[in-house]
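A quick write-up on the structure given underneath.
The values are calculated or read from the model by the stated rules, or taken from the named source; none is laboratory data. Everything numeric here is computed off the predicted structure, so don't read it as measured data. Reconstructed Cβ throughout: ideal geometry from the backbone, glycine too, with neighbour counts over all protein chains shown.
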Amino acid sequence: MQERWLITGAGGFCGRHLTHFLVTAGRAKVYGCGRTIPGHPLPGVEWSVCDVENGPSLRKLIEAVRPATVIHLAGAAGGVEPGALLQVNVTGTLNVLEACYAIPGLRPKVLLMGSSASFGEMVPEESRLGSERRPVPLCFHGMTREAALECGRVAALQWGLPIYLCRGFNAIGPGTLETFAPAAIARRLRKAVLEKAENFSLHNPEAIRDFIDVRDLAKALLAIIRSGRTGIPYSIGSGHGTSIRTLTEKLAAILGAKVEFKAAETEVRPGAAGPSRSVADITDLVADTGWKPEIPLDQSLRDMVAGMFPPGGSSAL
């Protein structure tokens, strides 16, 4: 009999790739939930409309599915009001944990995914951000994501639930949302090509980020559930930093955009652009699970661009 897995936010960027891996492996019965059913739902996934903010509805779903594993990916990122972030990221997580605890005879493994935004600014002597680093978030998104992980830590202590924790860095690859910098920059570069523009402005071009292919990130989640330790907030990234300028230059080469880069004239409010450096320390994750990132940045960017601007006009996964 196949083990039952429930993925909240299964129709999202990471969720789609995670459910794809689970279904194709054929070792799990996969249930997905979200506020809506995806326009092109993956065959082999049993989908339910369920908002994690609705505690009674979520408990009813979990009671019906009775999963052995729950991977909680539903949540909100930047561009959302602080109150809404608290409601989705913190209350939604607490609803998942309460349902897993309150249903008689159910003690599933639960994986909570936080964010590198929780770490905040790296100090000069730091080269990587790992599980031992104390989070000091600079934004409400990072704060609420970290609060969600704290809910998991306390649920493990008070309720005895097997809780697995991680913080994801900057995911890219096929299906990257245009609310995130790599896809937004690619869209602007594409426009520059079409308009034959000579200049291209960049905010915060020297900022360093750790870009991890979403497919590698999804495989890391599976590795944590299968081989990781409970309670360890694993950092999931490539372990390498790339400047926004370098990322943009790579995208320009892929898109054939011959433009002159210049700093944007409009100033960004201090703290709004995020930390100047953010790079993952994946030592614990590699040592405990054997997982390693496999897809190089250039391939991730090519796959992202191919999905955004396909020859036939329809985007892939």
Mind listing just one residue for me: the one in the stretch 203-243 that is in a helix (DSSP H, G or I) and out of contact with any helix residue (DSSP H, G or I) (no Cβ under 7 Å at 6 or more places or on another chain) and, of those, surrounded by the most Cβ atoms within 10 Å (Cβ to Cβ)? Asp216
Meets criteria (not polar (S, T, N, Q) and not assigned by TED's automatic domain parsing to the domain that holds Gly78) for Leu161: no
If a residue has to be surrounded by 24 or more Cβ atoms within 10 Å (Cβ to Cβ) and of a type outside the set (A, V, I, L, M, F, W, C) to count, how many in the stretch 171-190 make the cut? 3
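Conditions tested, residue by residue: (1) in contact (Cβ under 8 Å) with a residue 12 or more places away in the chain; (2) in the same structural domain as Glu98 (by TED's automatic domain parsing).
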position: Lys191; (1), (2): no, no
position: Glu195; (1), (2): no, no
position: Glu198; (1), (2): yes, no
position: Ser227; (1), (2): yes, yes
position: Arg245; (1), (2): yes, no
position: Gly256; (1), (2): yes, no
position: Ala263; (1), (2): yes, no
Filter the stretch 70-103 down to the residues that are among the polar types (S, T, N, Q) and buried (at least 22 other Cβ atoms within 10 Å of the Cβ), then identify the one that is nearest to the chain's Cα centre (by Cα). Asn89
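Is it true that Gly39 is small (Gly, Ala, Ser) and either in contact with a helix residue (DSSP H, G or I) (Cβ under 6 Å, 6 or more places away or on another chain) or at pLDDT 95 or above (or both)? Spell out the reasoning first.
Details: small (Gly, Ala, Ser): yes; either in contact with a helix residue (DSSP H, G or I) (Cβ under 6 Å, 6 or more places away or on another chain) or at pLDDT 95 or above (or both): no.
No, not satisfied.
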Considering only the stretch 105-118, I want to know if a residue exists there that is part of a helix (DSSP H, G or I), out of contact with any helix residue (DSSP H, G or I) (no Cβ under 6 Å at 6 or more places or on another chain) and either under 28 Å from Trp5 (Cβ atoms) or modelled with pLDDT under 95 (or both). yes
If a residue has to be among the aromatic types (Phe, Trp, Tyr) and either part of a loop (DSSP other than H, G, I, E, B) or closer than 11 Å to Ser116 by Cα (or both) to count, how many in the stretch 136-183 make the cut? 2
Let me confirm something: among Thr93, Thr69, which residue is β-branched (Val, Ile, Thr) and over 25 Å from Leu177 (Cβ atoms)? Thr69
Take the residues in the stretch 107-151 that are among the basic types (Lys, Arg) and either in contact (Cβ under 8 Å) with a residue 40 or more places away in the chain or not assigned by TED's automatic domain parsing to the domain that holds Ile71 (or both); name whichever of them is nearest to Gly241 (Cα to Cα). Arg128
